[in-house]
Amino acid sequence: MAAGEGALDFFGLLGQGVYDSINSLVQKGVEVVPGIAVAIILLFIGYVVALVLKRVVIEAIKYLKVDHFLETHDLPQAIGGISFSILIGELVKWYVVILFLAQAVNFLSLNVLSEFIQVLVNEVPLVLGAVLLLALGFYLARYIRHMINKTNYPKKDTLGVLAEVILMYLIVVMALTHIGFNTLILIEAFRIAFTALVIIVAVIFGIFFALSFKKDIKNFVMEIRKGI
């Protein structure tokens, strides 16, 4: 009899534990669901506002003929052929979405999810800024390349590509620094490579100069020897 009562007590405690757990989850759900619903509604409103602002920005940039100017100078190819208006429109859209997301997260009672979204809210604007910096930098690099290609320098194509690559590298380093990456290694690598390039160019120029003025240098040395 005592064993039977012990079993009944055990299952009674087990049932009570299960009931308390389910009841706790239900109460937690009742607390969380309204906040999630408000957050979803706020995000929906934010996304609609973002789409409207994106269209306004795109039309404004087109009205200012920025796309036309860039296309005239064949600059959109520097970022994969994406028009400047579309790029800026997308950046504005996602920035607005992030702003609304930052507000929506305040209605959530889920601490882990809230912390993750808060980190996302803090980091995404930096990424968007880095993307804009990359685009403007790549435009500048391609423009300088085109300017070099318009000169009469015999090696203008090679020089143009080299100038563009160097500028793009510097822009990428700046963008990574803006996001928060440690770019010390990249900067040091560029410094070493640039120093080596300068030395190589100096050596090539010296050899070219020596060959071009070989006869004059020979006569100059002969005159010095006669004087001695």
Among A130, I171, V119, which residue has its Cα positioned farthest towards the positive end of the charge dipole of the range 73-185, with +1 placed on the Cβ of Lys and Arg, -1 on the Cβ of Asp and Glu, and the dipole taken about the Cα centre? I171
Which distance in nm do the two modelled labels at L136 and I82 give, with both placed 7 Å along the Cα-to-Cβ direction? 1.6
With a 10 Å Cβ neighbour count serving as the proxy for reagent exposure, in which order, fewest first, do L91, L53 appear? L53, L91
To the nearest 0.05, how large is the calculated FRET efficiency for T151 and K62 if R₀ is 30 Å and r is the Cβ-Cβ distance? 0.40
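Any read-out appearing in this document is the output of simple, stated calculations on the displayed coordinates, not a laboratory observation. This one's a predicted model, so the numbers in the text were calculated from it and none came from an experiment. Cβ atoms come from the backbone with ideal geometry, glycine included; neighbour counts cover every protein chain shown.
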